[in-house]
Amino acid sequence: MKSGFRVFLAAFVALGLSWCGFVLAPVLQLGEAKQTQILNSSDTYPIQRTGDATLGLQVYRANGCAACHTEQIQQSGMACDVILTSAGKNSAAVSNLISNLKLTGLTKEEADAASDKITAAGGKSETHIAATGADISRGWGIRRSVAADFLYDSPVQLGGIRVGPDLANVGARLGNANWQLLHLYAPQDVVKNSAMPPFRFLFNVQKIGDVPSSDALQLPKEFAPAAGYEIVPTDDAKNLVAYLLSLRVDVPLYEAPFTPPQISTNVPANKK
Amino acid sequence: MNGNATSQYNLSADEIDASCRVPLLALFNCAALWLALGLALELLASLTFHMPEKFGGCAFLTYGRLVPAANDLLIYGFAIPAGLGVMLWIFARLSQTELVLPLVPIIAAHIWHLGVFIGTIAIFIGDSTGFAWLEYPRAPAILLFAAFLLIAISALATFGARHQRELHPSHWFLLAALFWFPWIYSTTNLFLLSGHPVRGVAQAVIDWWFANNLIFVWLALVGIGTAFYFLPKFAGRSLPNYLALFAFWTFILFAPWCGIPQGAPVPAWLPALSSVASMLIIIPLIAIAIIFVKTVCGAKTQCKGGPFCHIKFGTVAFLLSSLMLISLGCPHFSKIGEFTWFAPAQAQLQILGFFAIVICGAIYELLPRVMNFELPFPKLVRAQHWLFMLGLAFLIVPLAIGGIVQGLKMANPNLPFADSTNAALIFLRVSTMGLLFLLLGSLLFAANLFATFCKWQCALVKSMLGIVNAPLETSEVKS
């Protein structure tokens, strides 16, 4: 190449293409995203986090929690079960059909095919969907995280490494605010051998006044302050816990469907 | 190097080198300091895994603040200014002219390092932006952007003043790097840190795009550009030009598309495209490997732990880190590798194993020419090389293996999550030792630079006192 201009042109084209692909296109596709509808429901999702939880996200950001925690549940696939709800008039044919069909642990296509066959025989069925994968069986969540979960967050704290567990659904998993506060103050007290550093700077040590503070942590002897003193969470700690408790991915969406557990008792799926 | 080849023009190599002296010192001195400080903070952060309960009292010592501060010091504090300094010198040498507008990079260097200082403080007081590799808030980001543009002006002016119109392969890579950073840095800051940031996961996608373009592409452009300048000179061979052109084109076409994690909660076409791009990266990698082998293998020059060794080792480290990146883009492996220490291992190999070693080698080579006296501690060059190699062996290998072990345990739903953390803990503790070696190596590097600086200052003061009209020209005892 003889001129610097050609190098610039080359760089411009190369970087410009990837800019269009990974900056412009996502901004156009996701930047104007709106609330979506919860599957089989008229409710919209997500709802804006509460004020203290929104402030708590900033505490999460300032202390770099995302350096150790992800907020993205992974899912390897889904397993569908076809459940017969009514055998219809020709029950003998349907029961005969069912005895020859595999009805559990199916893919979506297989489940649709099976349910079509049942419908053709005159029966009625419904399909129950459950997400599968290591994160799901570990109990971290019911479905994978999707783009819609992060609509109102800024900055979005997806994280990239799991030194600690995934937090995408922590509000539903560990919903006790006192447990969360205690865990922030003394992780090793609540989770044995935890590698998490304590966040004592989010708490104040204060002299017990006439009446002990209602916020004061109930600590075991090992972590308790000197006699006459109490440990009280600061606003930052309370906001952070509010944010953690607001982290829940527990509604089915079009792009991440599942059948909520409470509906799985032969109640028609669209009646919630 | 090619001191006598310049005689056909009016300037000697010595004059060209001398014109770079002050700007380069301004860039390198603080860069060496930030490198040592960054590694020290990295070391401090890794101590969290030895005794987590000791790090609770102070907000500044939280792992989540130490790590971004340390990483940003390595990349913004050390890698970029040091790379730019080497780039200025290569441009001046290739153009056979003195550095044009030498005052501009001197001012810019100070603005840049001020920006890094403010940004680091901001992270420690909790003002980090929360975006990986882009933690500096708006004010320092503006300083960095302005400083980069100023240095680019001086570099481009020097480039424009060249005598020989034909471009050297290094030119392509370095010019592309000059263009790359302002674009990625401005666009990311505008989309993420302006008054109205984009919504939702588009933020994360833009941040991944930026991080990949900075850590993988920008460092590779500067590092490989530097290696392509020095390796043929050391080996006394010429570079296979057409292959280098092929490597350049394919690299800049494919590399900017890598970096979106495979399991990310974003529309599926994004990770899919990224995965394809990381497979295609193998093409420029093979080209670079062939160029490397053709240039270096069988060369009569002995490297003896000197700059040649540094740059050879760095190029190999680049190939390795790229292979790690490719494996992360591979959907089957990424199920195990993602969310583990494997990805940080790749980034550290890219920054410390590849870029830092190549640039340190280049600085060791050019500094004596620029200063017109030998390095104050020439033996430390070899010591630093060994310390870095040892450090990398103790840092990257445990992290990569630990990452895979951790990933395998995480992928098994029958094991509790704590098993994966505990399995990685042993490897993390070993990696602390690697960081210690790297820190010692970076201190040796800094020692050479600061001693050079002091020697130069003393000479300057002496020559002023001695009322000699031509400072420093008395020491023209150059081989």
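The values are calculated or read from the model by the stated rules, or taken from the named source; none is laboratory data. Owing to the predicted nature of the structure, the values given are computational and were not obtained by experimental measurement. Here the Cβ is made from the backbone with ideal geometry for all residues, glycine too, and neighbour counts use every protein chain on show.
Worth pointing out:
- Candidates are the residues of segment B:368-417 that are within 14 Å of chain A (Cβ to nearest Cβ) and not in a helix (DSSP H, G or I); the one that is farthest from B:Leu39 (Cα to Cα) is B:Asn414.
- Candidates B:Ala423, B:Ala470 - the one that is touching a Gly at 6+ places or on another chain (Cβ under 8 Å), modelled with pLDDT under 95 and of a type in the set (Gly, Ala, Ser): B:Ala423
- Set B:Leu66, B:Leu44: member being at the interface with another protein chain (Cβ under 10 Å from one of its Cβ atoms), assigned to a helix (DSSP H, G or I) and farther than 26 Å from B:Ala108 by Cβ: B:Leu66
- Residue check, B:Pro197 assigned to a helix (DSSP H, G or I) and either at pLDDT 95 or above or facing another protein chain (nearest Cβ under 8 Å) (or both): no
- Filtered residue count, segment B:170-194, keeping only those that are facing chain A (nearest Cβ under 7 Å), of a type in the set (Phe, Trp, Tyr) and surrounded by 24 or more Cβ atoms within 10 Å (Cβ to Cβ): 1
- Meets criteria (touching a residue at least 12 places away in the same chain (Cβ under 8 Å), in a helix (DSSP H, G or I) and within 14 Å of another protein chain (Cβ to nearest Cβ)) for B:Leu156: yes
- Taking the numbered list (1) modelled with pLDDT of 95 or more; (2) closer than 30 Å to A:Ala134 by Cα in turn, B:Gly441 passes all entries but (2).
- Verdict on A:Val27 being without any contact (Cβ under 8 Å) to a residue 12 or more places away in the chain, surrounded by fewer than 19 Cβ atoms within 10 Å (Cβ to Cβ) and over 18 Å from A:Asp236 (Cβ atoms): yes
- Only residues that are within 28 Å of the chain's Cα centre (by Cα) and either within 21 Å of B:Ile363 (Cα to Cα) or of a type in the set (Val, Ile, Thr) (or both) were counted across segment B:427-468, and they come to 23.
- Where helices (runs of 4 or more DSSP H) fall entirely within segment A:165-209, those with at least 1 residues that are exposed (fewer than 14 other Cβ atoms within 10 Å of the Cβ) and away from chain B (no Cβ under 13 Å) are at A:177-185.
- Hits in segment A:114-153 (condition: under 26 Å from the mean Cα position of the chain (by Cα), surrounded by 18 or more Cβ atoms within 10 Å (Cβ to Cβ) and assigned to a loop (DSSP other than H, G, I, E, B)): A:Gly133, A:Arg138, A:Trp140, A:Gly141, A:Ile142, A:Arg143, A:Arg144, A:Ser145, A:Val146, A:Leu151, A:Asp153
- Checking B:Leu167 against (1) more than 8 Å from chain A (Cβ to nearest Cβ); (2) closer than 30 Å to B:Ala92 by Cβ, the condition it does not meet: (1)
- Selection status of A:Val59, more than 9 Å from chain B (Cβ to nearest Cβ), β-branched (Val, Ile, Thr), in contact with a Leu (Cβ under 9 Å, 6 or more places away or on another chain) and over 27 Å from B:Ser274 (Cα atoms): no
- Among residues of segment B:284-328, those that are part of a helix (DSSP H, G or I) and modelled with pLDDT under 90, counted: 0
- Restricting A:Arg61, A:Arg49 to those that are surrounded by 20 or more Cβ atoms within 10 Å (Cβ to Cβ) and either farther than 30 Å from B:Phe173 by Cα or more than 27 Å from the chain's Cα centre (by Cα) (or both) reduces the list to A:Arg61.
- Annotation note: Cβ proximity below 8 Å between a residue of segment B:355-375 that is free of Cβ contacts under 8 Å to residues at least 40 places away in the same chain and a residue that is outside any helix (DSSP H, G or I) and not aromatic (Phe, Trp, Tyr) (sequence gap 6+ or interchain) occurs for B:Pro368/B:Glu374; B:Pro368/B:Leu375.
- Scope segment A:113-164; condition within 29 Å of A:Leu55 (Cα to Cα), more than 11 Å from every other protein chain (Cβ to nearest Cβ) and aliphatic (A, V, I, L, M); matching residues: A:Ile142
- Residue in segment A:237-249 that is in contact with a Ser or Thr (Cβ under 9 Å, 6 or more places away or on another chain), surrounded by 14 or more Cβ atoms within 10 Å (Cβ to Cβ), farther than 18 Å from A:Pro198 by Cα and modelled with pLDDT under 95 present: yes
- Counted residues, segment B:249-289 - those being facing another protein chain (nearest Cβ under 8 Å), among the hydrophobic types (A, V, I, L, M, F, W, C) and under 24 Å from the mean Cα position of the chain (by Cα): 5
- A single member of B:Ala139, B:Ala211, B:Ala146 is small (Gly, Ala, Ser) and crowded, with 18+ Cβ neighbours inside 10 Å, and it is B:Ala211.
- Some residue of segment B:115-124 being more than 23 Å from B:Gly225 (Cα to Cα), part of a loop (DSSP other than H, G, I, E, B), touching a residue at least 60 places away in the same chain (Cβ under 8 Å) and within 14 Å of chain A (Cβ to nearest Cβ): no
- Any hit, segment B:25-40, residues being within 14 Å of chain A (Cβ to nearest Cβ) and either in contact with a helix residue (DSSP H, G or I) (Cβ under 9 Å, 6 or more places away or on another chain) or closer than 24 Å to B:Thr421 by Cα (or both): no
- Of the residues making up segment B:329-339, those that are buried (at least 24 other Cβ atoms within 10 Å of the Cβ) and either in a helix (DSSP H, G or I) or at pLDDT 95 or above (or both) are B:Gly329, B:Gly337.
- Filter result for B:Ala79 (part of a helix (DSSP H, G or I), touching a helix residue (DSSP H, G or I) at 6+ places or on another chain (Cβ under 6 Å) and under 17 Å from B:Asn189 (Cα atoms)): no
- Residue in segment B:401-419 that is of a type in the set (S, T, N, Q) and out of contact with any helix residue (DSSP H, G or I) (no Cβ under 6 Å at 6 or more places or on another chain) present: yes
- One residue stands out in segment A:30-46 among those that are within 24 Å of B:Phe191 (Cβ to Cβ) and loosely packed, with under 15 Cβ neighbours inside 10 Å: the one that is modelled with the lowest pLDDT, namely A:Glu32.
- Set B:Pro102, B:Pro81: member being surrounded by fewer than 20 Cβ atoms within 10 Å (Cβ to Cβ) and more than 28 Å from B:Ala424 (Cα to Cα): B:Pro102
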